[in-house]
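The values are calculated or read from the model by the stated rules, or taken from the named source; none is laboratory data. For clarity, every value in this text was computed on a predicted model and none was experimentally measured. No Cβ is skipped: glycine too gets one built from the backbone with ideal geometry, and neighbour counts run over all protein chains shown.
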Amino acid sequence: MKKLFYIISAISCAIVMAFSLIACTDAGAPSHPVDKTPDYVVSADEFSQKLEEFLSDDRTNRTTYTDAERAAAEYLRAELVSYGYADDQSDDGKKMIREFGGKNAKNETVKSQNVVATYRPSDVGDGAPNVVIGAYYDNRFDASLSDDDPTDTYVTRSHGVLANGTGVATLLVLAEYLQTQKPELDFTVTIAFFGASAVNNIGVSQYYNKQMTVAEKRNTVLMIELQRLGVDHVYAFSDYRKTRRESFFDGVAAKSGLDVYKPTQKSPLILSLRALNGIPFYQWVQSGNFSVFFNNGIPTLNVVGANWETIDLTDREGDSHANVGMGKDDTLANLKRNYPDYAQKMATAGTLVMNSLTADGFIDAMKYDRDNFPDTDVLATDWIWYAVVLGVMAIAAVVMTLLSRRLIKKYPVPPVVPPVRRNVKMAVFGMEYEDANSNDIFIDLKRVNDKTDDIFPGIPNNDGDGNIFPPLFPPPVSRDHTERDKSEVIQTDEKEPHGSESDFDPFASESEVAEKADAAKTTDDTADKIDETAAQDLKTDNAAIVPSEPEIKQNDKDASETPTEEIKKAATAPRKATPTARKTTSAGKSVSAKKSVASSARTVSAKKPIKKQTDDGENKNGGEDSSEQ
Amino acid sequence: MLLFVYISYCAAGWYVMRGNMAFYGERYGFPAWIANDVVAFFLGGVLPLIVYSFVSAFCMRSFSIRFRGRGDISAVRYGLHFAVIAANIVLFLLKFIYLSVPLYAALLNIILDPVITIMFVALYLLYAFKREYVEKCMFGTVVTQVMGGFITVYALVSVISLILAVAA
């Protein structure tokens with residue numbers, strides 16, 4: 001037990017140590033060498049400048065479904081136009097600002113808008129592959145975090161810097177880079193700013209379902225989302241399943257020496273939630289607008305800022321500071337104070353995207369993943385697996401039932417035999433016994449002819465042929481211990497009637513007693529009571545084996561010649577006047593137990609040491625003196 | 001002994017409890033000292049231990065009532081702790097598979113727990129019978145009571161989860 005305790009304690013300590021080690025490691029850190037000053041496509045200063053410009057002119061308030069959001073959309077359109085994007089450059093001639101509307105929780109008609117522009121290289125025609133790069137631009141400055149509760153009056157007062165000012169600024173920089181640098185691409189790039197997508201995916205859903213043409217959907221090979229950039233780490237997530245784009249993006253990050261993390265199992269798996277089709281669990285990295293495209297079979301890349309390498313299981317922005325996104329502390333001042341290198345993180349994300357777009361083999365890898373988008377819906381269909389378990393349980397139940405029935409049949413429970421009730425009945429004046437084999441004890445009242453079992457001498461005993469019933473009291477113990485010391489064998493004549501050698505007659509005259517005292521010599525040195533074995537034998541009518549006379553004599557001789565230790569002890573032990581419990585064993589001729597009792601043939605084998613037991617100073621079954629019978 | 005059973009249940013349920021702690025921690029704003037791996041480890045064994053204690057006590061009690069004065073399966077119950085501990089340790093080790101194949105985490109989590117546990121309990125009962133921990137005439141009833149308890153609990157959980165999954 002102690003050994004087991006130590007083993008289990010050691011295992012527990014190992015488990016706790018493993019936790020500690022895992023918690024202290026950055027499981028998602030890049031495996032490639034990271035440049036401390038990588039070659040960004042655009043300097044970090046430009047990213048920070050773009051952010052400050054975006055948040056100026058009261059654009060810290062971009063509350064969903066409000067004029068403030070509309071004002072932010074107008075700003076973005078103007079910026080894109082200034083970069084060189086035409087207002088109606090999309091394939092179907094739609095303008096940049098694409099409105100949509102609906103009803104809110106208060107059943108009021110609300111409106112919002114997406115801002116969409118397309119970069120089309122000069123030599124790329126219709127039907128070319130398309131890559132969508134998106135970021136949501138609204139915030140919850142004058143609203144709560146939920147649109148579902150019409151009575152909710154809470155307002156966050158969030159400036160939306162991390163959610164999602166940094167993402168918008170990064171996308172603006174990339175949009176400007178495309179128009180200014182005009183990289184040679186063989187695909188189009190759609191720049192999309194989603195409204196009404198801060199807490200729900202309303203804007204991005206409207207864009208995919210209502211504002212994209214069928215051709216655009218068919219041609220879109222990748223959707224990249226930028227969100228919450230600027231905190232501890234930049235994570236790039238594409239898919240859990242085997243895809244080409246994951247290794248492609250890893251290669252781009254390694255080649256550029258970028259510090260880009262990958263989400264690992266250190267970030268907890270929430271098995272009870274689903275966000276992406278075919279993915280049977282939820283992780284923090286799955287949160288975002290890209291899920292709309294993912295769930296429609298379009299490959300995605302989620303570039304998000306976070307720190308999922310801490311011991312904290314929640315969705316952490318950074319290790320050293322509490323989350324501020326969507327809260328009143330989500331301000332530019334706090335971002336600069338808490339994350340001084342936020343601009344480098346934005347630049348890292350932007351460089352990863354741009355270098356991927358311009359890398360060789362990009363469009364081939366994306367087209368492959370688009371055409372071979374994995375279908376793992378069955379893994380995420382829980383009811384199938386619960387049904388499998390139910391089936392297994394049903395089979396186990398059937399097997400268990402059959403097995404238990406077989407065992408019960410093979411090993412039946414033995415019936416409990418109730419103890420035999422023995423009544424003591426008085427047979428009066430020679431009346432006939434009702435049943436000679438009855439378990440009842442009959443006390444026969446008749447005159448005793450030198451028989452000690454008669455209580456009332458002179459009254460007929462009616463046991464002329466020997467008492468066939470067990471005696472009520474054990475045979476008496478003789479006071480003469482001399483013979484007992486020498487021999488452990490009590491030899492009796494089994495043919496003699498019961499009590500034939502007894503000389504006790506309470507009603508005998510004095511002369512008769514004296515005569516009998518001289519004549520009677522008891523050889524019984526062990527006044528045992530009827531042992532339980534004999535009684536049990538009586539009940540079950542088992543045969544009690546009684547040794548024959550020659551055997552008894554031989555046993556006596558053996559015992560006298562080679563007394564055992566226990567016999568020696570018994571011989572030297574002080575004798576008490578009280579009778580001792582008699583223990584009987586039998587060997588030799590087999591006779592009926594009842595008859596043997598009736599004929600008083602009770603012997604003790606000398607081979608078995610006799611254990612003397614006292615009955616608390618008195619004979620349990622009768623008086624102090626009783627002769628053997 | 002029950003402490004070791006609890007620790008084993010903590011180990012077996014740790015991985016799933018991480019996810020639950022993360023979800024509720026994010027939803028209700030738990031600080032880091034609550035929503036972490038260590039708390040998730042020790043919290044993961046509470047509910048399974050309660051269920052196990054209740055079911056095993058119920059089984060033993062009903063067995064004692066049926067074989068009043070004749071049956072003593074306290075030895076069986078004590079040994080069952082070891083079987084459960086062994087099953088939970090195996091489950092804990094198997095759940096590291098989730099790290100390498102997270103896509104199969106959900107279905108493995110659904111299937112592994114009941115199958116492994118019942119397998120170990122069955123093996124233990126076989127061992128107990130070989131060693132005659134109880135009289136042979138009680139073999140069948142012990143199988144029914146102990147295995148039936150485990151099968152009933154897992155079947156019940158599966159039924160409820162299936163209904164919820166279909167409804168969702």
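Have a look at A:D319, A:D312 and point out the one that is in the same structural domain as A:P30 (by TED's automatic domain parsing), surrounded by fewer than 20 Cβ atoms within 10 Å (Cβ to Cβ), modelled with pLDDT under 95 and of a type outside the set (A, V, I, L, M).
A:D319
Take region A:411-422 and flag every residue that is more than 18 Å from B:Q145 (Cα to Cα) and surrounded by 10 or more Cβ atoms within 10 Å (Cβ to Cβ).
Once the filter is applied, which keeps residues that are more than 18 Å from B:Q145 (Cα to Cα) and surrounded by 10 or more Cβ atoms within 10 Å (Cβ to Cβ), region A:411-422 yields A:V420, A:R422.
For region B:112-152, which residues satisfy the criterion of being buried (at least 19 other Cβ atoms within 10 Å of the Cβ) and not in a helix (DSSP H, G or I)?
B:Y133, B:V134 - these are the residues of region B:112-152 that are buried (at least 19 other Cβ atoms within 10 Å of the Cβ) and not in a helix (DSSP H, G or I).
Can you give me the number of residues within region A:244-263 that are in a loop (DSSP other than H, G, I, E, B), in contact with a helix residue (DSSP H, G or I) (Cβ under 7 Å, 6 or more places away or on another chain) and closer than 11 Å to A:T348 by Cβ?
Matching residues across region A:244-263 total 2.
Is it fair to say A:S267 is within 14 Å of another protein chain (Cβ to nearest Cβ) and of a type in the set (S, T, Y)?
yes
Would you be able to tell me the number of residues in region A:120-134 that are over 9 Å from A:F187 (Cα atoms) and either in contact with a helix residue (DSSP H, G or I) (Cβ under 6 Å, 6 or more places away or on another chain) or assigned to a strand (DSSP E or B) (or both)?
3
Specify the residue that is farthest from the other protein chains (Cβ to nearest Cβ); the eligible residues are those in region B:40-59 that are touching a residue at least 24 places away in the same chain (Cβ under 8 Å) and in contact with a Lys or Arg (Cβ under 9 Å, 6 or more places away or on another chain).
B:S56
Any chance region A:373-385 includes a residue that's surrounded by 13 or more Cβ atoms within 10 Å (Cβ to Cβ) and more than 12 Å from every other protein chain (Cβ to nearest Cβ)?
Yes, the conditions are met somewhere in region A:373-385.
Scan region A:167-175 and tell me whether some residue there is farther than 30 Å from A:D364 by Cβ, among the polar types (S, T, N, Q) and within 49 Å of the chain's Cα centre (by Cα).
no
Could you tell me whether region B:60-79 includes any residue that is at pLDDT 90 or above and over 26 Å from A:R274 (Cβ atoms)?
no
Among the residues of region A:162-185, write down those that are at pLDDT 95 or above and of a type in the set (D, E).
Correct list: A:E176 only.
Note down all Cβ pairs under 8 Å where the first residue falls in region A:205-231 and is assigned by TED's automatic domain parsing to the domain that holds A:L332 and surrounded by fewer than 24 Cβ atoms within 10 Å (Cβ to Cβ), the second is aromatic (F, W, Y) and in a strand (DSSP E or B), and they're at least six residues apart or on different chains.
Short answer, once both residue conditions are applied: A:K210/A:F100; A:Q211/A:F100.
Can you report the number of residues in region B:21-39 which are at pLDDT 90 or above and more than 7 Å from chain A (Cβ to nearest Cβ)?
The number of residues fulfilling the criteria is 2.
Step by step: first the residues of region B:1-29, then only those that are more than 18 Å from the chain's Cα centre (by Cα) and of a type in the set (G, A, S), then the one that is farthest from A:F281 (Cα to Cα). Which residue is that?
B:G29
Results for (1) at pLDDT 95 or above; (2) in contact with a Gly (Cβ under 6 Å, 6 or more places away or on another chain); (3) under 22 Å from A:I202 (Cβ atoms), shown as yes or no for each residue.
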site: A:E52; (1), (2), (3): yes, no, no
site: A:D58; (1), (2), (3): no, no, no
site: A:A72; (1), (2), (3): yes, no, yes
site: A:Y75; (1), (2), (3): yes, no, yes
site: A:E79; (1), (2), (3): yes, no, no
site: A:G84; (1), (2), (3): no, no, no
site: A:M96; (1), (2), (3): no, no, yes
site: A:S112; (1), (2), (3): yes, yes, yes
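In region A:257-268, what count of residues is obtained for those that are farther than 20 Å from A:V231 by Cβ and surrounded by 22 or more Cβ atoms within 10 Å (Cβ to Cβ)?
0
What number of residues in region A:278-298 are over 29 Å from the mean Cα position of the chain (by Cα) and assigned to a loop (DSSP other than H, G, I, E, B)?
7
Keeping to region B:14-36, report how many residues are part of a helix (DSSP H, G or I), crowded, with 22+ Cβ neighbours inside 10 Å and free of Cβ contacts under 8 Å to residues at least 40 places away in the same chain.
The number of residues fulfilling the criteria is 6.
Of all residues in region B:1-20, how many are facing chain A (nearest Cβ under 9 Å) and either of a type in the set (V, I, T) or touching a strand residue (DSSP E or B) at 6+ places or on another chain (Cβ under 6 Å) (or both)?
Total satisfying the criteria: 3.
Specify the residue that is farthest from B:Y154 (Cα to Cα); the eligible residues are those in region A:386-415 that are more than 8 Å from chain B (Cβ to nearest Cβ) and among the aliphatic types (A, V, I, L, M).
Looking at residues that are more than 8 Å from chain B (Cβ to nearest Cβ) and among the aliphatic types (A, V, I, L, M), I get A:L402.
Taking interchain pairs and intrachain pairs at least six residues apart, which have beta carbon atoms under 9 angstrom, with the first residue in region A:346-373 and without any contact (Cβ under 8 Å) to a residue 24 or more places away in the chain and the second part of a helix (DSSP H, G or I) and surrounded by fewer than 23 Cβ atoms within 10 Å (Cβ to Cβ)?
A:D364/A:R244; A:N372/A:R244
Of everything in region B:153-168, what is facing another protein chain (nearest Cβ under 8 Å) and surrounded by fewer than 14 Cβ atoms within 10 Å (Cβ to Cβ)? Give them in sequence order.
Passing the criteria: only B:V166.
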